[in-house]
Amino acid sequence: LRFPQKLWKMLESSKFQSIWWSESGKCVAINKDLFEAEVLGREGQQIFHTQKIKSFMRQLNAYGFTKMQRNFQRSASLPEFLAEEAAAAVHSQILYYYNPSFNRAHPWLLETCKRR
């Protein structure tokens, strides 16, 4: 299987907790630390031909995925601001990648997801 097909198969599988579709099904969400341990750190059963997150991210970029930034609205009250900061720290480990040809609702577009 090519990289996009492997990625799609992972997202559709219930075996992995470190990678999932975003709510809209248009982005791939990756818990960076968990992904490194759960997917890239597998002994003898490698899915992708790398053990490094940076190499995996280069593969995403090579297939036209772009990293999406999460914008958080900040509250003016101190207690709410501190709670939002704690939530943002958790979300900083989550990476979001988008590719117009990689959409859960349109699996037939996967064939157009080519290496640059």
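All of the numbers you see were taken from the coordinates with simple rules; none came from a lab. For clarity, every value in this text was computed on a predicted model and none was experimentally measured. Using ideal geometry, Cβ is built from the backbone for each residue, glycine included, and neighbour counts are taken over all protein chains shown.
Among the lysines, select those whose C-alpha is under 16 Å from the C-alpha of K9, and discard any that sit fewer than 8 residues away in the same chain. Result set, ordered by chain and number: K26. Highest mean packing first, where packing is the average number of other Cβ atoms within 10 Å per residue, the peptides 103-115, 17-29 line up as 17-29, 103-115. Summarising the amide proton neighbourhood of C27: residues at separation of 5 or more, or on other chains, whose placed amide H is nearer than 5 Å comprise S22.
Inter-label distance, E36 to R115: 2.6 nm, where each label sits 7 Å from its Cα along the C-beta direction.
Mind checking the full-extension length gain between L1 and K52? Use 0.36 nm per residue of separation minus the Cα-Cα distance, one decimal, nm. All intermediate terms of the calculation are to be shown ahead of the outcome.
Numbers: separation 51, 0.36 × 51 = 18.36 nm, distance 1.98 nm.
Gain on extension, L1 to K52, equals 16.4 nm.
If a spin label sat at a point 7 angstrom from the Cα of Q45 along the line to its beta carbon, the backbone N atoms of segment 1-28 nearer than 12 Å would be those of 15-16.
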